[in-house]
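Just so it is clear, none of the values below were taken in a lab; they were calculated from the coordinates. Just so it is clear, the model here is predicted, and its values are computed rather than measured. Cβ sites come from the backbone with ideal geometry, for glycine too, and all protein chains shown count toward neighbours.
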Amino acid sequence: MTSHVPNEARVIPLRPQSARPQSGPPGARPAASPVPPERRPPTVREPLWRDLVGDVLRRERLDQERTLKEVAEAARISMPYLSEVERGRKEASSEVLAAAAGALGLGLGDLLTRAQGELVRLTSRHTDARAGRGTSGARFDGMCLAA
């Protein structure tokens, strides 16, 4: 017995309908933005978790004066993959991160805590610059984890 289910994918828009550009006849001008570009707040790219973790791994490895090959062998992961993780090109699993951290003498919690500190430092700097303040009044005591 076969089921006759339509072969259609459910589409969930990433932006609300009003934010999508309206398609019109060729050559038509888009509607003017209500806020002139010079008055719009600057867009700041949020740091990616994989970049932060990779930076921490690379900084720790270089501080220990160890080669990529040494750490990769100790962690039992390939050297090209560890390089990609350090450069923020790969989103590593928790097992890989734990192995790389362990090879550097760190626990997974130590690695994540350092990455979280970088995240707070970078985001508070951007927040302070936008608000025109020198220091942030917020205090962060938690650990930031990404899935």
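Rounded to the nearest 0.05, the FRET efficiency derived from the C-beta distance between E73 and S93 at R0 = 22 Å is 0.70. Computed on the Cα atoms alone, the convex hull of region 40-120 gives a volume of 91 cubic angstrom per residue. Relative protection proxy for 80-86, 64-70, 118-124, from highest mean packing down: 80-86, 118-124, 64-70 (other beta-carbon atoms within 10 angstrom). Between D110 and R45, the modelled labels are 3.1 nm apart [label points 7 Å from Cα along Cα→Cβ].
Amide H contacts of L48: none lie under 5 Å away among residues 5 or more positions distant or on a separate chain (H built 1.01 Å from N in the peptide plane; Pro and chain starts excluded).
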